[in-house]
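Inspection log for the structure reproduced underneath, given as structure tokens.
The values are calculated or read from the model by the stated rules, or taken from the named source; none is laboratory data. As the structure is a computational prediction, the values presented were derived from the model and not from experiment. Here the Cβ is made from the backbone with ideal geometry for all residues, glycine too, and neighbour counts use every protein chain on show.
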Amino acid sequence: MASITLNNLVKKYGDGFPAVNNVSLDIADGEFIILVGPSGCGKSTLLRMIVGLEDITSGDLLINGERVNDKAPRDRNLAMVFQNYALYPHLTVFENIAFPLRLQKGKYSEDQIRKLVTDAASTLELTEHLDRKPGNLSGGQRQRVAMGRAIVRQADAFLFDEPLSNLDAKLRGQMRSEISQMQRRLGITSVYVTHDQTEAMTLGDRVAVLKKGELQQVASPRELYEQPVNLFVAGFIGSPSMNFLPATPAGENTLSTAVGDIRIPADKAAKAAGKKVVLVGIRPEFFEDASLVDESKRAHGSTFTAPITHTEWLGNEQYGYIHFDPTPEVRELLNSLARDMDADELRPQVVVTLDAASRIRGGRDAELWLDTRKIHIFDPETGENLTRDPDAGARLTEEANSQRAEEIAMAREEQEQQVATAQD
Ligand SMILES: Nc1ncnc2c1ncn2[C@@H]1O[C@H](COP(=O)(O)OP(=O)(O)O)[C@@H](O)[C@H]1O
Ligand SMILES: [Mg+2]
């Protein structure tokens, strides 16, 4: 078990370009932290620096409070769980798990090896599969064998580098929940790298968002979703993405946008005051078909009319699309945002989520309701979220942390009981 601390870590490769730039992060003992960001943002580099496969250009890396910058990978006692699981096809599951123990020749007796492997297999629910070969196992079982290897080594932490990215969507979903349950059960500190925001949101206690080697925000999934610090985090987290609508303050508590005038709460309007253009961030689900919103709720938002180009019906809900005509500046802004996020393009459109019962159809004007209490307003130049409520955000993360602490305590207790029963 270990805590891992990153203090101002920098990695410059040969050409001097900082692949990781001044990253500081405290990873608590037992925590499951996700590093997420678009391809090339430095996730693998950071992970490799932690495990010791990459030199640290500057900054300090501490494991359980001890500086380990100059320690060899094997002396850091961290286990990398690789994408392809690196299992030996000709060895049984038992021998695959035992492998790291046999590597340390003479250190473990045959009895000790048997005990460590069978204990790990029981935790991982692999007992019945110990005599099988990896080729005959499901993806999830293979993943568990790979984790079994890390467990018998009694590694202080697990490091995962995009372990699911080669799998199809369905299997990925299954494995995601397997890894998450396993990690919770074991309570072993884990750092998990992915470029997939869904994976990040569903797996992590806390998620660290990286952009071009720099940490943008570290928070619980809910805080990232509801209180993003900037345009990048707001746009990267969530699917379908947050809509960004250019707007100009127009009179009291009103923003003029390409889809019509929107009345917003006074506290938010104050943040936009004096700016020529702002970007309004609106998640698709902040909208609703106005005819389905009752009067009392309507008063808390703004109702407006906009042309819906088309709709997509998904059974449980539907999406409506509104296209708008951006000015050249706005188009450039959307393009540069898309480049940052490694997205193909950010279309000048607004996606709205509508109730499955909505009769709104494409090709007509529709009356929409917007929950303006939830919108965010961004500075288009700095990307800063002008309406972020840090206290509300901190509360969300505290809630997640205390839930998590309880889970870890329960997991530890369960493990101790298992050990005690085994010794009886
Ligand atoms: N061995 C290397 N030499 C030079 N540049 C590298 C090397 N490895 C990675 N990079 C560069 O560092 C940046 C971050 O890469 P990486 O950590 O692999 O990103 P990610 O895992 O987020 O996709 C990229 O610009 C990449 O081209
Ligand atoms: Mg990578």
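Given the conditions (1) among the hydroxyl-bearing types (Ser, Thr, Tyr); (2) under 26 Å from ASN253 (Cα atoms); (3) crowded, with 17+ Cβ neighbours inside 10 Å, which single one is not true for SER291?
Answer for SER291: the failing condition is (3).
Residues being in a strand (DSSP E or B) and either free of Cβ contacts under 8 Å to residues at least 24 places away in the same chain or surrounded by 23 or more Cβ atoms within 10 Å (Cβ to Cβ) (or both): count how many of those fall in the stretch 227-242.
Looking only at that region, the number is 0.
Which ones in the stretch 19-32 are in contact with a Gly (Cβ under 7 Å, 6 or more places away or on another chain) and modelled with pLDDT of 95 or more?
ALA19, VAL20, ASN21
Filter the stretch 159-209 for residues that are acidic (Asp, Glu), crowded, with 23+ Cβ neighbours inside 10 Å and within 16 Å of ligand 1 (Cβ to nearest atom) and give the result.
The one that is acidic (Asp, Glu), crowded, with 23+ Cβ neighbours inside 10 Å and within 16 Å of ligand 1 (Cβ to nearest atom): GLU199.
So which of PRO284, PRO328, PRO307, PRO265 is touching an Asp or Glu at 6+ places or on another chain (Cβ under 7 Å) and either in the same structural domain as GLY362 (by TED's automatic domain parsing) or in contact (Cβ under 8 Å) with a residue 40 or more places away in the chain (or both)?
Going through PRO284, PRO328, PRO307, PRO265 in turn, just one is touching an Asp or Glu at 6+ places or on another chain (Cβ under 7 Å) and either in the same structural domain as GLY362 (by TED's automatic domain parsing) or in contact (Cβ under 8 Å) with a residue 40 or more places away in the chain (or both): PRO307.
Evaluate the following for LYS275: is it in contact with a Lys or Arg (Cβ under 9 Å, 6 or more places away or on another chain), closer than 23 Å to THR248 by Cβ and surrounded by 15 or more Cβ atoms within 10 Å (Cβ to Cβ)?
The answer is no for LYS275.
List the strands (runs of 3 or more DSSP E) inside the stretch 1-97, counting only whole elements, that have at least 2 residues being within 16 Å of ligand 1 (Cβ to nearest atom), under 22 Å from the mean Cα position of the chain (by Cα) and of a type outside the set (Lys, Arg).
Correct list: 4-12, 18-27, 32-36, 78-81.
Find the residue count for the stretch 176-196, including only residues that are in contact with a Gly (Cβ under 8 Å, 6 or more places away or on another chain), farther than 24 Å from THR5 by Cβ and away from ligand 2 (no atom under 15 Å from the Cβ).
Count: 1.
One residue is enough: does the stretch 247-259 have a residue meeting the conditions surrounded by fewer than 19 Cβ atoms within 10 Å (Cβ to Cβ) and assigned to a helix (DSSP H, G or I)?
Checked the stretch 247-259: no residue is surrounded by fewer than 19 Cβ atoms within 10 Å (Cβ to Cβ) and assigned to a helix (DSSP H, G or I).
Taking the stretch 1-46 on its own, how many of its residues are under 24 Å from LEU337 (Cβ atoms), small (Gly, Ala, Ser) and away from ligand 2 (no atom under 16 Å from the Cβ)?
So the count comes out to 0.
What about LEU210, is it assigned to a strand (DSSP E or B), touching a residue at least 60 places away in the same chain (Cβ under 8 Å) and either within 25 Å of THR92 (Cα to Cα) or of a type in the set (S, T, N, Q) (or both)? Walk me through how you get there before you give the answer.
Values: assigned to a strand (DSSP E or B): yes; touching a residue at least 60 places away in the same chain (Cβ under 8 Å): yes; either within 25 Å of THR92 (Cα to Cα) or of a type in the set (S, T, N, Q) (or both): no.
So LEU210 fails the test.
Between a residue in the stretch 157-173 that is among the charged types (D, E, K, R) and any residue that is assigned to a helix (DSSP H, G or I), which pairs come within a Cβ distance under 6 Å, given they are 6 or more apart or on different chains?
Hits for this filter: ASP161/SER44; ASP161/LEU47.
Note down all Cβ pairs under 7 Å where the first residue falls in the stretch 115-134 and is over 18 Å from VAL419 (Cβ atoms) and part of a helix (DSSP H, G or I), the second is modelled with pLDDT under 95 and among the aliphatic types (A, V, I, L, M), and they're at least six residues apart or on different chains.
HIS129/LEU137; PRO134/LEU87; PRO134/VAL145
Only one of GLN183, GLN104, GLN154 is under 29 Å from MET49 (Cα atoms), assigned by TED's automatic domain parsing to the domain that holds GLY37 and more than 28 Å from the chain's Cα centre (by Cα). Can you tell me which?
Going through GLN183, GLN104, GLN154 in turn, just one is under 29 Å from MET49 (Cα atoms), assigned by TED's automatic domain parsing to the domain that holds GLY37 and more than 28 Å from the chain's Cα centre (by Cα): GLN104.
Could you tell me which numbered condition THR311 fails, if it satisfies all but one of (1) part of a loop (DSSP other than H, G, I, E, B); (2) in contact with a Gly (Cβ under 6 Å, 6 or more places away or on another chain)?
Unmet for THR311, out of (1) part of a loop (DSSP other than H, G, I, E, B); (2) in contact with a Gly (Cβ under 6 Å, 6 or more places away or on another chain): (1).
Would you check which residues across the stretch 149-199 are at pLDDT below 80 and assigned to a loop (DSSP other than H, G, I, E, B) and list them?
Scanning the stretch 149-199 gives SER165, ASN166, LEU167, ASP168.
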